[in-house]
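Report on one structure; see the data block that follows.
The values are calculated or read from the model by the stated rules, or taken from the named source; none is laboratory data. None of the values given here were measured: they were computed from a predicted structure. We place every Cβ from the backbone using ideal geometry, glycine too, and count neighbours over all the protein chains shown.
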Amino acid sequence: MWHLNSPWYSLVFRAFIIYLFIFFVIRFMGKKQFIKLSPFDFVLILIMSMSIQNGVLGDDHTLPAALIIVCALASFNFLMNELTYRFSWFEKLIIGQPEVIILNGKVHKRVLKKEKITETELFEALREHEVMKTEDVKCAILETDGKISVIKYGHNN
């Protein structure tokens, strides 16, 4: 139970590779995936978590191996947060930038297409901000966390 079957650095390396891989898979799924988990997204997350278990642990199913992996993953997460906080270029690279999807009532369809947001989803977000038509929107921004911020005409924000 307390003796590792694999070298500790092997566990850390595997955890790091899996962390990066999953991060980039999620990052390139698109911003809208962060805010809304569809049943398909939920199933994907479950399958991914089950699939990576063996990749991270390998043949070592001991308690110390699990503790090392948890510490390594928490450390990688802390490091990513520190780097994005300290370096704006790294934040833009890793987290991305907000995208303007409506400006002065005009919908930027190129951004909708790029971010895979349907017009139905856009109008749903506008209704959540009590807006019924795009002409009433001074600016709508798809934030990096997937939320849509809306600034209506007549509001000083």
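Tabulated results
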{"item": "Entirely in segment 82-145, the helices (runs of 4 or more DSSP H) that have 3 or more residues that are more than 18 Å from Phe24 (Cα to Cα)", "result": "109-115, 119-128"}
{"item": "Glu143 vs. criteria free of Cβ contacts under 8 Å to residues at least 40 places away in the same chain, surrounded by 11 or more Cβ atoms within 10 Å (Cβ to Cβ) and not hydrophobic (A, V, I, L, M, F, W, C)", "result": "no"}
{"item": "Odd one out for Asp59, checked against (1) surrounded by 11 or more Cβ atoms within 10 Å (Cβ to Cβ); (2) in the same structural domain as Ala15 (by TED's automatic domain parsing); (3) not aromatic (Phe, Trp, Tyr)", "result": "(1)"}
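One line per residue, one yes/no per condition, for (1) modelled with pLDDT under 90; (2) loosely packed, with under 15 Cβ neighbours inside 10 Å; (3) not assigned by TED's automatic domain parsing to the domain that holds Ala15:
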{"position": "Tyr85", "(1), (2), (3)": "no, yes, no"}
{"position": "Ser88", "(1), (2), (3)": "no, yes, no"}
{"position": "Lys106", "(1), (2), (3)": "no, yes, yes"}
{"position": "Arg110", "(1), (2), (3)": "no, yes, yes"}
{"position": "Thr118", "(1), (2), (3)": "yes, yes, yes"}
{"position": "Glu128", "(1), (2), (3)": "no, yes, yes"}
{"position": "Lys133", "(1), (2), (3)": "no, yes, yes"}
{"position": "Lys138", "(1), (2), (3)": "no, no, yes"}
{"position": "Lys147", "(1), (2), (3)": "yes, no, yes"}
